[in-house]
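**Q** Just passing along the structure, written as C-alpha cells.
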Amino acid sequence: MRVSKSSVSLWVRDLPVPERLSYEECRKRAADGVHRYWEIERQVRGNQRASEVAAAVAEVGELTDREILIAGAIAYWCEGAKRKPGRAIDRVMFINSDPALITFFLRFLDIAGLSREDLILRVYIHENADASAAQQYWLDLTRTQRDQFRRPVLKHHNPKTVRTNVGEDYHGCLRIDVRQSAHLYRRIEGWMSAVAASCALGDA
C-alpha cells in the first residue's frame, strides 16, 4: 500500500526523537563494530588456514629415506655453508633458528649415515638473552651430549632493534658442524646437482 509522506509525518510526529550521537560516540560504535567483525573473521580465516595446512600435510604423507635425502640436500644448499673460491673447503656446517628445520636436518644426517657423536654444536645468541637456557633448549632438542657444545657466541645487542625474536621463545641460532665431513659435503653437492639437472630436463 502506498502512503504519502504527509500521512507518515502525521503518524510519527508524536514519537520521541533519538538524541543525536556525539562524534566521539560515533567513532566508538564504529570501532566496536570493526572489533566484532574481526573477532569472527579471524576465527573463520584461522579455520580455513588450518584446513589448508592439514590438506597439504595429507598430500605429502610419510617421507621415504630417498625423499629426505633430496629435501635435506636442498635445505642444506639454502642454509648451509658452501664451497667458494675464497673458501675451498668441503665441510658441512648448518645454522638455523627454526627448531623444526634443525630437527629435520638431524634426521637427514641420520639417514645419510652420520652419528650424533660426529657433531659439534654452538649457540649464537644476543648478549641480553639467557645463553645458558638457550643451550639447554638445543641440548634437549638435539639429544646430544653437553660436551659437544662449544662456548656460545654472543651477538652485540642493539637497544633500538626492531627484531621480534625476543622473549621466552627466543633461543638464538644453532650451528651444527659435522666432523670430517668432506665426503658428506660432496654427496650433498651431488644430490643437489641431480635435483638441478632434473629441473633443467623438465624445462627442455
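The values are calculated or read from the model by the stated rules, or taken from the named source; none is laboratory data. Because the structure is predicted, anything quoted here is derived from the model rather than measured. Cβ sites come from the backbone with ideal geometry, for glycine too, and all protein chains shown count toward neighbours.
**Q** State whether the residues of the range 13-22 include one that is assigned to a helix (DSSP H, G or I) and under 47 Å from the mean Cα position of the chain (by Cα).
**A** No.
**Q** Within the range 125-132, does at least one residue satisfy the condition of being modelled with pLDDT under 95 and assigned to a helix (DSSP H, G or I)?
**A** Yes, that holds for at least one residue.
**Q** Please name all residue pairs, on different chains or six or more residues apart, with Cβ atoms under 8 Å, provided the first residue is in the range 127-139 and is farther than 19 Å from ILE102 by Cβ and the second residue is part of a loop (DSSP other than H, G, I, E, B).
**A** What qualifies is GLU127/HIS156; GLU127/HIS157; ASN128/HIS157.
**Q** Out of (1) surrounded by fewer than 10 Cβ atoms within 10 Å (Cβ to Cβ); (2) small (Gly, Ala, Ser); (3) at pLDDT below 95, the odd one out for ALA100 is which?
**A** (3)
**Q** Only one of (1) surrounded by fewer than 19 Cβ atoms within 10 Å (Cβ to Cβ); (2) part of a helix (DSSP H, G or I) is not met by ASP90, so which one is it?
**A** Of everything listed in (1) surrounded by fewer than 19 Cβ atoms within 10 Å (Cβ to Cβ); (2) part of a helix (DSSP H, G or I), ASP90 misses just condition (2).
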